[in-house]
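The values are calculated or read from the model by the stated rules, or taken from the named source; none is laboratory data. Computed from a predicted structure; not experimentally measured. Note that each Cβ is placed from the backbone with ideal geometry, even for glycine, and that neighbours are counted across all protein chains shown.
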Amino acid sequence: MSSRNAVKRVCIPLLLLGVATGSTLADPPRTVDFVDLQRYMGRWYEIAALPNFFQRQCVRDTTADYRLRSDETVAVTNRCRKKDGTFDEAKGIARTTDPATNSKLEVSFVSVFGKHLFWGDYWIIGLGADYDYALVGTPSRRWGWILARDPRPSQQRIASWLERFREQGYDPKAFVLTEH
């Protein structure tokens, strides 16, 4: 085998590997400087999300309710309307992984004998000064959500939030709007 062919056989797979994993090599999204967890509690309406397998049954009216617990964790109740008109509900727990900022949390919806398993990242990468909206993502950029206190924000606001996601390395065209 010539040295030119050997270089091709080594370099092409490395190049393809770099293209396939390029998003994992990028810096993770930047989180907000600080989240006042008391102000973050309450009802949030999902405005848009990156499609994911754990919400595949949801067709509209998706909400997230957060309640601070005495042990400093957060009780989470996610709810959505299914195609048949009934509601699907998932209850979980969130905990802060960065107590200095409260902007990095992890959430679990799986509990066995009171022990929570399978924690997923929940990073707050955008937050309104009045806590009227939140942009939530993950380090991998695989998942993302636009949450708001108002279930029907203007198209202009939604466009500005999607732009903020673009600035954080997400593809805003991949987000799907949630009906309410």
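The table below lists the values:
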| quantity | calculated |
| --- | --- |
| Matching option when the condition is within 13 Å of the chain's Cα centre (by Cα) and more than 26 Å from residue 155 (Cα to Cα), among 126, 120 | 120 |
| Exclusive hit being outside any strand (DSSP E or B) and either hydrophobic (A, V, I, L, M, F, W, C) or touching a helix residue (DSSP H, G or I) at 6+ places or on another chain (Cβ under 8 Å) (or both), set 90, 94, 129 | 129 |
| Search result, residues across region 31-60 that are among the polar types (S, T, N, Q) and exposed (fewer than 15 other Cβ atoms within 10 Å of the Cβ) | 38, 52, 57 |
| Condition check for residue 170: among the hydroxyl-bearing types (Ser, Thr, Tyr), touching a residue at least 12 places away in the same chain (Cβ under 8 Å) and closer than 15 Å to residue 46 by Cβ | no |
| Only one of 31, 63 that is part of a loop (DSSP other than H, G, I, E, B), modelled with pLDDT of 50 or more, touching a Lys or Arg at 6+ places or on another chain (Cβ under 8 Å) and closer than 25 Å to residue 163 by Cα | 31 |
| Hits in region 137-164 (condition: free of Cβ contacts under 8 Å to residues at least 40 places away in the same chain and of a type outside the set (S, T, N, Q)) | 152, 157, 159, 163, 164 |
| Residue that is nearest to residue 33 (Cα to Cα), among those in region 64-92 that are touching a strand residue (DSSP E or B) at 6+ places or on another chain (Cβ under 6 Å), free of Cβ contacts under 8 Å to residues at least 24 places away in the same chain and among the β-branched types (Val, Ile, Thr) | 73 |
| Candidate set from region 104-136 (those that are touching a residue at least 60 places away in the same chain (Cβ under 8 Å) and more than 18 Å from residue 43 (Cα to Cα)); member that is surrounded by the most Cβ atoms within 10 Å (Cβ to Cβ) | 125 |
| Any hit, region 79-88, residues being farther than 19 Å from residue 44 by Cα and in contact with a Leu (Cβ under 6 Å, 6 or more places away or on another chain) | no |
| Single condition residue 141 does not satisfy, out of (1) over 17 Å from the mean Cα position of the chain (by Cα); (2) at positive phi; (3) at pLDDT 95 or above | (1) |
| Unmet criterion (only one of (1) without any contact (Cβ under 8 Å) to a residue 60 or more places away in the chain; (2) assigned to a loop (DSSP other than H, G, I, E, B); (3) at negative phi; (4) of a type outside the set (D, E, K, R)) for residue 180 | (1) |
| Any chance residue 70 is loosely packed, with under 10 Cβ neighbours inside 10 Å, among the polar types (S, T, N, Q) and at pLDDT 95 or above | yes |
